[in-house]
Amino acid sequence: MNVNAAIAAVAALAGLCTGVIAMLAFRWSEREQAKPTRSSLHTDAVLPPGVDTVLSVLRSSAVVLDEADAVVKASSAAYALGLVRGGKLAVEPMLAMARDTRRDGEIRQIELDLPRRGTGRGGDALAVSARVAPLGSRLVLLLVEDLTEARRIEAVRRDFVANVSHELKTPVGALSLLSEAVMDASDDPEAVTRFAGRMQVEATRLTSLVQELIDLSRVQNDDPLEDAEPVRVDELVAEAIDRCRHQAGTKQITMATGGTADLHVWGNRGQLAAALGNLVENGVNYSPARTRVGIAARRIPATGGDLIEIAVTDQGIGISEKDRERIFERFYRVDPARSRQTGGTGLGLAIVKHVAASHGGEVTVWSAEGQGSTFTLRLPEAGAARDRDRSRSETRESSESYDTGDLDGEDQGRPYETFTNEPLSAPEVLP
């Protein structure tokens, strides 16, 4: 009987201990749930009604500080920019500005350059604008705007305007001087004819510059895929050759085409024709007389769908390694003196780059000084053409190669060394 009583007493004691432990665990769980999180610290208890909702929809990075400079509320963007760390505002100038605003109630604003999170390099600085205002009687609100992209765009715009002004000033100034020369030589018909010819050259150069500025603006602002359609590559090649027929004939340059027939790309026909025409025109302008310019196309497999490669190969002066990194910049010229002779504006390759990018493709260059260059335009294949030609391309890809007549054996190591299969048309020799 005594044994049974002892067992009952032990059981009762164990049950009491279990109850106490359960109650303590429940209380501890409630305290943990009541703790503030990173995104909403003690927002509900401190922030005025509705402020939390407003801050959540702001595009700016938002931080709310209390009387002790502790972070009451911070948006995800504020953490991403590295403004808040360990529950404190980590940018000292902003913290000082917040303290001044808490003291006198004045709204303040400042622009700062901050190092990117995880780096200390000056080139990676973030440009931000910070604005501080009182929020109620005890809190301070900090709003931070990231100005980095706006600063970059402004720098590009400023450089573009400066370059355009410089480029326009040259032909306009030449026309002014030549018109004065014509007036002074009114009694000399031979001089008038000579000066008038020079005026026509400068006027043509000015017209080309303005037109290419318009083209560049159009390809940067328009969405080419709004009017996209399947475009035959051989038609683009034919248009590019026709555009350069006169210049090539004057220099006795052979235009040769090759590669795979019946290819289609997807995009804006006018922009694609302009881009390929610029590449072919550059090849002709920068090639010596009695040389060859080759144009070839092929299909290459790629993730997400096949691509069409169109390569333009010349036997020109070539491009040095340091210049290859900049040739697609607006107004950049490898040889400014030669560009003036050929009428180049420095915008042709920039247009090609923007057209390729806006069509989901790219343009690359291979070049060696004294051997020439190969510019390769890669564009997505038109979906319908890809589906129609899929079975045929699978049996043909293993044996495809390309030929422009070997370019006199001077193009060893180029991306396109031979063009033999299925020429788009017979090589065209311009006298």
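The values are calculated or read from the model by the stated rules, or taken from the named source; none is laboratory data. Treat the numbers as computed from the prediction; the structure is a model and nothing was measured. Every residue, glycine among them, receives a Cβ derived from its backbone with ideal geometry; neighbour counts consider all protein chains shown. Side chains are part of the model used for accessible areas, which takes the heavy atoms of the whole protein and leaves out ligands, DNA and RNA. Shrake-Rupley method; radii C 1.70, N 1.55, O 1.52, S 1.80 Å.
The table that follows gives values for the structure above.
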read-out	value
Number of the condition not met by residue 81 [criteria: (1) in contact (Cβ under 8 Å) with a residue 40 or more places away in the chain; (2) touching a helix residue (DSSP H, G or I) at 6+ places or on another chain (Cβ under 9 Å)]	(2)
Residue tally, condition touching a helix residue (DSSP H, G or I) at 6+ places or on another chain (Cβ under 7 Å) and modelled with pLDDT under 75, over region 308-343	6
Qualifying residue in region 90-100 (condition: out of contact with any strand residue (DSSP E or B) (no Cβ under 9 Å at 6 or more places or on another chain) and either aliphatic (A, V, I, L, M) or in contact (Cβ under 8 Å) with a residue 24 or more places away in the chain (or both))	yes
Selection from region 278-292 of residues that are in contact (Cβ under 8 Å) with a residue 40 or more places away in the chain, part of a loop (DSSP other than H, G, I, E, B) and among the small types (Gly, Ala, Ser)	287
Residue, nearest to residue 356 (Cα to Cα), within region 232-265, restricted to residues that are in contact with a Gly (Cβ under 7 Å, 6 or more places away or on another chain) and open to solvent by 40 Å² or more (accessible area, probe 1.4 Å)	239
Residue within region 322-334 that is assigned to a helix (DSSP H, G or I) and open to solvent by 50 Å² or more (accessible area, probe 1.4 Å) present	yes
Considering residues of region 366-379 that are at pLDDT 90 or above and open to solvent by less than 40 Å² (accessible area, probe 1.4 Å) only, the residue nearest to residue 231 (Cα to Cα)	379
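A quick yes/no check of all residues on (1) within 12 Å of residue 141 (Cα to Cα); (2) open to solvent by less than 70 Å² (accessible area, probe 1.4 Å):
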{"site": "56", "(1), (2)": "no, no"}
{"site": "74", "(1), (2)": "yes, yes"}
{"site": "87", "(1), (2)": "no, yes"}
{"site": "99", "(1), (2)": "yes, no"}
